[in-house]
Each structure stands twice: as C-alpha cells, then as structure tokens.
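The values are calculated or read from the model by the stated rules, or taken from the named source; none is laboratory data. Owing to the predicted nature of the structure, the values given are computational and were not obtained by experimental measurement. Cβ sites come from the backbone with ideal geometry, for glycine too, and all protein chains shown count toward neighbours. What goes into the accessible areas is simple: the full protein's heavy atoms, side chains included, and nothing from ligands, DNA or RNA. Shrake-Rupley method; radii C 1.70, N 1.55, O 1.52, S 1.80 Å.
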Amino acid sequence: MDRSRGALVAGALFCTAASGYLVGVHQAGGGGGTPPRTYLLNLNLFGRSLHLTLTVGTMGVAVILMLTVLLAVAVILTMVASHRKRQAEAANRELETEIVERRRAQEAVSRLNAELERRVAERTLELQAANAELEAFCSSVAHDLRAPLRGIEGFSAALFEDCRGRLDQHGLDYLERIRKATARMGQLIDDLLALSRVSRGELRRQKVDLTALGWEVVADLRRADPERRAEVIIADGLSASGDLQLLHAALENLLGNAWKYSSKQPQARIEMGCRGEQHGQTVYFVKDNGAGFEMKYAGKLFKPFQRLHSVSEFPGAGVGLATVQRIVRRHGGDIWAESGAGQGATFYFTLGPAADPDRLSPAPEECSAGNSPAGG
Amino acid sequence: MRERTIVLVEDNPDDVDLTLRAFRAGNIANQIVVIRDGAEALDYFFGTGAYAARDVAILPTLVLLDLNLPKIDGLEVLKTLRADPRTKRLPVIILTTSQEQDEVFRAYDNGCNSYLRKPVESGQFRDAVKQLGLYWLIWNVPPPESQ
Ligand SMILES: Nc1ncnc2c1ncn2[C@@H]1O[C@H](COP(=O)(O)OP(=O)(O)O)[C@@H](O)[C@H]1O
Ligand SMILES: [Mg+2]
C-alpha cells in the first residue's frame, strides 16, 4: 500500500521535472541562438509551482537518467505491490466468507442444540407425567380391582361354608370354580403389578451375590412345596452388579419355572451357573430337565400372557418371563432359551456391560470349567 | 383405662363383613367398633363430632386401619394419632389392599405397628386375622396405661 503510493509520488515527480525541464529548454531556446548553459526549471508540484534555475550539462542528463531508473523501479514495485494486494484481498475475502459461513453454521448448530434440549426436556416432562399416571393407574388397579375380587372370593367361601347343605353337587362344583377363577385373577393382578413395577423406579446397581440369591429363592420354593424332591445345583461364586430386588424377581421367575416345569420328572434336576462371555458380558444360565418346549414357539416365550403349556398341564399366567426380560434389558442385557419338547430347557441371560466393571464375576475360564450346562 | 375393644376403620362394607366373619371364625370375641371413614375415626379417638359424649380416656386394645378411606385417608389418621400424647402409643395395624413399596414405607415412617395386606384368598385372610388377634390381643404386652 505505502510502497505503491511512494512509487506514484516518484512517478509524478519525474513527470513534473521532465515537463519543467522541457519548458526551461523552450524558454532558453527562445532567448538566443547559442546553446544554453543555464536552465530555468519551472516545477509544478501538486498544483504549486516551483521556480528553479539549473545549470545543465551532464547534470541534466544524470538527473533524467536517475529519474528514469527511479520510475522503472517504481513501476515494477507498484505492479508487484498491487499484485500482492489483489492476492491478499482475495484471500481476505475468502477468509471473511469462510468466517461468515462458519459463524452461520455455529449459529445453526447452537439453534439445533437448543431445539433438541427443549424437545428432550419436553419429552422428559411428558414421560414423567406418563409414568406418574401409570403409577396412579397401578395402585388403583391394586386397590380397586382386588377389593371386589376379595368380595367375590370371600362370599363364595361363605356360601360354601354356611349353605353347603342346601347345594347339590353341581352347585358345589360351580362354587369351587368361581373360587378358583378368582384366585387366578388375583394372581394375574399381582403378576401384572410386578411386571409394571419392574419398569418403574431407578435401577440401583450394587454387587449382588447371585449364588446366595439363587439359594434363597430355592429355599422359598422348597418351603412352599416341602414334599417336592428336586436336585438343585448352583455354581459357587456367581456374582454380578445389578439391582438386588430386580435380580431377586428375575431368579424367582427363572428358578420358579425350572421348578414348575420339571415337577413331573421323577428325578428333577435344576442347575444354575455361568457359561463364558458374550460381547464382554458374562452369560448366566438356569437349566432344568423338565417338560421343555418346541423351539419353534420360542418367540412367544417373553411376551406377556403367552404360554406354551396349558393351565391344566402347568398352572401359570404367562407373565413371568416377560418380567425377567424387562429386568435383564433394564440392566442392558438380554435373555434367550434353548429347549426341545421333553428335553428340558436352558435359559441364558446377560446383565449388561456394566455388570462386571471390576471383574465382579468369575473369569470366563472359571465359567467354562465344570460349570457349563451339559451339552451347552 | 383400656376396653378390650378392637376398632376397625374400613369403608368397604364387604371387607367389613368379611373381617367380622374372620374374627368370628378365629374365636375372637372382643367388641368390635366399625368406623367408615377417616374423619369419623378422628372424631372417635378425640371425642369430637358424633362421638362428643365418648370418654376418650378409654382406649381400644387394637386399631385396624385401612389406608384408602373417604374424607381423611388412613395415613393422615395415623399421623394425627401419633402426634397426640393420648394416642401416640396406641397399637395400630394397617390392614389394606396395596403393597406398594412407597405406601409401606410411609406407613412405617409414620409409626404403624404392623402392616398387613389383605389376601384375596379368604382362607389366607382368615388365618391372618386369627393370628393377628392371637398375637395382639393375647401375646403382645400393650403400652402401660398412664392412669
Ligand atoms: N423351564 C421351562 N421349561 C419349559 N417351559 C417353560 C419354562 N419356562 C417357561 N416355559 C414356557 O414359557 C411360558 C411362559 O413362562 P412364564 O412367563 O414364566 O409364565 P408361566 O410360568 O406363568 O406360564 C410358560 O407358560 C411355559 O410354557
Ligand atoms: Mg413362570
């Protein structure tokens, strides 16, 4: 910028000097016939005139030469400078558009972020409201549905006790059926409540001794059915990180099923352990040698109210495995089964990536050594 | 002074009848006062309203309290009983349908002596009431009367 202005000034200087020189030559030439030795320079500098008297011999030529060189340098410098300037300006413009674009993109991103946050907050509120509604619904189911049910059950029992002499065999049979249906409905309501409870509340992970929990559940099963003979094997040292209450409910259902569906075996055998890892998650299993099921129906297992056996074969409402699936999925894990009709069943489950953060579970070699289900 | 009365606070007439039946079946012959809502329960214990004539120094042996009651709910009744020096030690058993964790916590936090969920199966309900009568009316040592 400054350099090009300097060159221009030099150029202008040269032009005015040259014109002044020519004027001087002209004036001197008009004065006499002899070649002049003294020149009158009339410099016109930016509108102001400057009168100089110069004696020119070689000096005039030197000045002109010098000025010519200066002009040439100035012209070259000006060209270079303006070229650089154009380049810099182009780069600047590019940079500016880039900055503007970037700012625009940033604004768009923060706008989208704000929008996203707003939506998440909105959805969270909606979800919280829906959850609260669900909770209210559940306790009203618990209270409002169970109360009339207790009435039906209680008064049919009263009818049986107080008026049984006045009822014939048919009447007594109907009464018995009313009571059985009521008991079933009571169980159903309880199961549904347990299912919905699984999805509520926060998951409180802690280190859980699955071996001890399994034995606890088995002890409850034995207490409820003291006549029953079944061999139960639970691998030592099974542990996981999970919600104690939820894991208790899961084992209750899985071991309860193994207990129930092997009840017609003369030598029932129930086994719980772990079998290596899958995607870095310990795979646990509960296995029995009971009735089993055909694998082509396996897709139905985990849907609420779907059963693969009739109530007359094995009682139940069909909500247990749906509950277990929700529990393991809430932990980030999964559940699947292997079976065949009459061949017993094995249910495998994982408890998510956080299940053994600091190797709470036995190492995989411990898992596969001796604890794996036969044939699995 | 303590009457050997049982107070049953319960609004559902079917539940009242079934509970009375269970008491009879369990050979529990104590007098049973049935109260139908939370406001009436407070009137009874503090001698107000319809019970203005009642001597409030006479405490029942046992209170069976439902949680879901008209007007004033069972939990509120429990809180009021525990806040009053006359009734703060009265044995109160929650006898209700719900077994929601939060509800159980709240009942214990507010000083109930026991929490019983009414089973659907009448045989179980009868057993529960009979055991409860045996335990609270015979075995349990009640808080000494402060004359
Ligand atoms: N260990 C098992 N052996 C054979 N079948 C099983 C086993 N566990 C579950 N099932 C089948 O899966 C169905 C769903 O199980 P579940 O949800 O626990 O309901 P329920 O046990 O109440 O029937 C059962 O009805 C049964 O047909
Ligand atoms: Mg089941």
Practice task
Please work out if B:Tyr135 is in contact with an Asp or Glu (Cβ under 7 Å, 6 or more places away or on another chain) and open to solvent by 30 Å² or more (accessible area, probe 1.4 Å).
Solution key: no
Completion exercise
Of the residues in segment A:305-319, those that are within 15 Å of A:Ser262 (Cα to Cα) and either near ligand 1 (Cβ under 6 Å from one of its atoms) or within 34 Å of the chain's Cα centre (by Cα) (or both) come to A:Leu308, A:His309, A:Gly316
Fill in the blank from the handout: Considering residues that are within 15 Å of ligand 1 (Cβ to nearest atom), without any contact (Cβ under 8 Å) to a residue 60 or more places away in the chain and not aromatic (Phe, Trp, Tyr), the number found within segment A:242-268 is 8
Problem - Residues of segment B:36-75 that turn out to be in a loop (DSSP other than H, G, I, E, B) and open to solvent by less than 40 Å² (accessible area, probe 1.4 Å), as a count - result: 9
Handout entry: Odd one out for B:Leu18, checked against (1) touching a residue at least 24 places away in the same chain (Cβ under 8 Å); (2) assigned to a loop (DSSP other than H, G, I, E, B); (3) open to solvent by 10 Å² or more (accessible area, probe 1.4 Å)
Key = (2)
Handout entry: Count - residues of segment A:324-343 that are within 11 Å of ligand 1 (Cβ to nearest atom) and crowded, with 24+ Cβ neighbours inside 10 Å
Key = 1
Exercise for the section: Can you work out which of the residues in segment A:111-147 that are open to solvent by less than 70 Å² (accessible area, probe 1.4 Å) and within 9 Å of chain B (Cβ to nearest Cβ) is nearest to B:Val16 (Cα to Cα)? Expected result: A:Ala147
Handout entry: Yes/no for A:Leu193 being assigned to a helix (DSSP H, G or I), open to solvent by 10 Å² or more (accessible area, probe 1.4 Å) and either over 20 Å from A:Phe349 (Cβ atoms) or away from chain B (no Cβ under 14 Å) (or both)
Key = no
Exercise for the section: Keeping to segment A:238-263, report how many residues are within 14 Å of chain B (Cβ to nearest Cβ) and near ligand 2 (Cβ under 10 Å from one of its atoms). Expected result: 0
Practice task
Hey, can you tell me all the residues within segment B:76-122 that are open to solvent by less than 30 Å² (accessible area, probe 1.4 Å), within 14 Å of another protein chain (Cβ to nearest Cβ) and of a type outside the set (Ser, Thr, Tyr)?
Solution key: B:Ile94, B:Leu95, B:Glu100, B:Ala107, B:Lys118, B:Pro119, B:Val120
Practice task
Considering only segment A:153-172, state which residues are under 60 Å from the mean Cα position of the chain (by Cα), at the interface with chain B (Cβ under 9 Å from one of its Cβ atoms) and open to solvent by 60 Å² or more (accessible area, probe 1.4 Å).
Solution key: A:Phe155
Handout entry: Flag if A:Ala183 is in contact (Cβ under 8 Å) with a residue 12 or more places away in the chain, within 11 Å of chain B (Cβ to nearest Cβ) and under 30 Å from A:Leu351 (Cβ atoms)
Key = no
